[in-house]
Amino acid sequence: MTTSQLPRIAIYPGSFDPLTNGHVDIIERGARIFDSIIVAILGNVEKTPLFSEKERVEILRNVFKGHANVQVETFSGLLVDYAQLKKASVIVRGLRAVSDFEYEFQMALMNRHLAPGIETVFMMPAEQYTYISSRLIKEVFTLGGEVTGLVPPIVEEKLRGKQKAKK
Ligand code: PNS
């Protein structure tokens, strides 16, 4: 089997705390161009996440249950080690604006330094999602703002659940 005949597996890593419609858009685009895409949720995030690792897995699996070539997993340690373990040759990252570029550029080049055989591919989400980030979603929701249409309905539901539990 030549390299071109091997299934092209991509990894889409992130914290997904929480999943936004921007992430969903990138995963759907990735699923259309790669044979399979593994959404790799970073387990040991530095700050305390709003959603536990288990909750983030549950949300993503629920949203992508109808997509046969989208897998949802968790990882810890170096991303490139995980990618190699999963036989992925591509890392997918979303680029929303120029402000994302510096951080993404550094990560892509560091990952290339660590694993020259793995390519980072940047994808742009649909324009209506270019200003959305997990951080802003959390902030806006916590302060009483509307996030409908910016996150999948299950995320909104879970955010409301957290709010109720606090009261
Ligand atoms: O959604 P995020 O927080 O922007 O995702 C960042 C992520 C998970 C892609 C990055 O922190 C990562 O790859 N962490 C794993 C540890 C690692 O490999 N670090 C070196 C990256 S160059």
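Any chance you could run the full-extension gain for residue 139 through residue 166? It's 0.36 nm times the residue separation minus the Cα-Cα distance, nm to one decimal.
Between residue 139 and residue 166, full extension yields 8.2 nm more.
For the stretch 1-77, what relative contact order do you get, as a whole percent, if you take Cα pairs closer than 8 Å and at least 6 residues apart? Don't jump to the answer; show the numbers that get you there.
Working: 99 pairs, mean separation 27.5, N = 77.
For the stretch 1-77, the relative contact order is 36 percent.
Considering the convex hull of the alpha carbon atoms of the chain, report its projected area averaged over all viewing directions, in nm², one decimal. If you can, show how the numbers build up before the last one.
Working: hull surface 41.1 nm².
It is 10.3 nm².
On a full-extension model of 0.36 nm per residue, what is the gain between residue 81 and residue 69, subtracting their alpha-carbon distance, rounded to one decimal in nm?
2.2 nm
Could you order peptides 110-118, 95-103, 81-89 by the average number of other Cβ atoms within 10 Å of their residues, highest first?
Working: 110-118: 14.0, 95-103: 11.8, 81-89: 17.0.
My ranking of the peptides, most packed first, is 81-89, 110-118, 95-103.
Just the C-alpha atoms of the stretch 91-147: what Rg/Rh do they give, with Rh taken as the Kirkwood radius?
Working: Rg = 14.5 Å, Rh = 13.1 Å.
Using only Cα positions, Rg/Rh for the stretch 91-147 is 1.11.
Find the relative contact order for the stretch 21-143 and round it to a whole percent, using C-alpha pairs within less than 8 Å whose residues are 6+ positions apart.
Details: 116 pairs, mean separation 35.5, N = 123.
With pairs under 8 Å counted, the relative contact order is 29 percent.
Mind counting lysine pairs for me in the chain? Cα separation below 22 Å, and the two need to be 8 or more apart along the chain or on different chains.
20
Got a number for carbon plus sulfur as a percent of the stretch 1-139's accessible area, 1.4 Å probe?
On the way: 4340 of 7940 Å².
Looking at the stretch 1-139 in its full context, I get 55 percent from C and S.
Efficiency by 1/(1 + (r/R0)^6): what FRET value for residue 102 and residue 123, r their Cβ-Cβ distance, R0 = 22 Å, to the nearest 0.05?
Here the calculated transfer efficiency is 0.80.
The values are calculated or read from the model by the stated rules, or taken from the named source; none is laboratory data. Note that the structure is predicted; figures quoted are calculated from it, not measured. As a convention, Cβ positions derive from the backbone with ideal geometry for all residues, glycine included, and neighbour counts pool all protein chains shown. To get the accessible areas, we keep the full protein, side chains included, count just its heavy atoms, and leave off ligands, DNA and RNA. Shrake-Rupley method; radii C 1.70, N 1.55, O 1.52, S 1.80 Å.
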